[in-house]
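Before any comments, here is the structure.
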Amino acid sequence: MAIQVVPLTEADIPGAIEVIQQAFADDPYFKWVFDASKFNKQRNSDSLTARCNWGIKNALFHVAKETQDPDTQSQTPTPILGVSCWLAPHPPTQPESWYSWFQSWTLSFNQLLNNIRYLGRGGLRTNRYWIWKQRQAEAQAAIWDDPRGYYFCNIVAVSPEAQGKGVGRLLFEAVTKRADEEGVKCYLESSKSVPNVAIYEKMGFHMSKEMECRDGADACMLYCMVRDPRSE
Ligand SMILES: CC(C)(COP(=O)(O)OP(=O)(O)OC[C@H]1O[C@@H](n2cnc3c(N)ncnc32)[C@H](O)[C@@H]1OP(=O)(O)O)[C@@H](O)C(=O)NCCC(=O)NCCS
């Protein structure tokens, strides 16, 4: 099957969210940060919708789907096979632009509206979210030494039926090719050691740091990986 990787559009958002929710259902970080007994799938979906709408304007948000026959194009929507969201490199010495600041503020406001609409965060354990953000800031301060910044893989998910068929590689290459052309490094945090670390090594990443997020007796490991640009 021929697969294309294209920028996310508004019409793709419901399919992209379905892929993310399916792919992350057994994810160790997801299970650690959400209270399963209070998880609200619709609340999570609305939160991801806000993030996708933000990402269309502010991130490198791609979807992978089968290339469509032009004759059937208008009749059936093509199922989404995979999704990725990357943040573009930002030199730490450069201040955030007003546009970017305003967009982040709008996203936070939309998430606040979701909190009000659903009377809560749909099972998100906010204390654990902030533990993760703290560990993440520490890890990035220790690892990120390139003054140009890093392409940061924020989300990558392939639908369970499509995994292991090259979709993830295509999603990665949409950004790593660009990073290679620009000579810029890439960074990700994997929440699974097996099999993801081996998969990301195939994409050119190497392990840089193992990061423990601990809340009392419950801990979650994240694997920080870096990819150096390739010149060929
Ligand atoms: C991780 C993930 C994005 C990878 O996407 P994918 O489409 O399954 O990966 P691909 O089929 O493109 O494989 C990429 C490479 O890894 C290799 N690979 C795939 N599965 C593997 C496995 N289980 N063990 C070792 N290597 C594997 C492939 O052979 C390929 O290498 P090659 O191109 O050199 O032959 C996808 O499996 C996924 O969404 N998993 C669940 C959600 C998740 O863990 N997201 C990431 C959170 S950090």
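List nothing, just return the count: lysine pairs in the chain, 8 or more apart or interchain, with Cα separation under 20 Å. Qualifying lysine pairs in the chain: 16.
Over the chain, dividing the summed -39,500 (n - 2.57) contributions of all DSSP H runs of at least 4 residues by the number of residues returns a 222 nm mean residue ellipticity of -13500 deg cm²/dmol. A Cβ-based charge dipole, computed about the Cα centre of the chain with Lys and Arg at +1 and Asp and Glu at -1, lands at about 620 debye.
Share of pairwise Cα-Cα distances greater than 33 Å in the chain is 16 percent (whole percent). Counting only DSSP beta bridges with both residues in the stretch 3-227, the antiparallel share comes to about 90 percent.
Look at the dipole of the chain built from charges on Cβ: of 186, 172, 40, the Cα furthest out on the positive end belongs to 40.
Computed extension length for residue 137-residue 177: 11.8 nm, one decimal, from 0.36 nm per residue of separation with the Cα-Cα distance subtracted. Here the stretch 45-122 and the stretch 157-182 have alpha carbon centers that stand 18 Å from each other. Each Cα pair under 8 Å and six or more residues apart adds its sequence gap; the mean of these over the residue count of the chain is a relative contact order of 24 percent. Shown is the FRET efficiency for residue 113 and residue 38, computed with R0 = 22 Å from the Cβ-Cβ distance and rounded to the nearest 0.05: 0.70.
You can think of it this way: the chain between residue 100 and residue 219 has 39.5 nm of extra reach, that is 0.36 nm per residue less the Cα-Cα gap.
Every number here is computed from the coordinates shown, using simple stated rules; none is lab data. Keep in mind the model is a prediction, meaning the values are calculated, not measured. Counting neighbours? That spans all protein chains shown, and the Cβs are built from the backbone with ideal geometry, glycine included.
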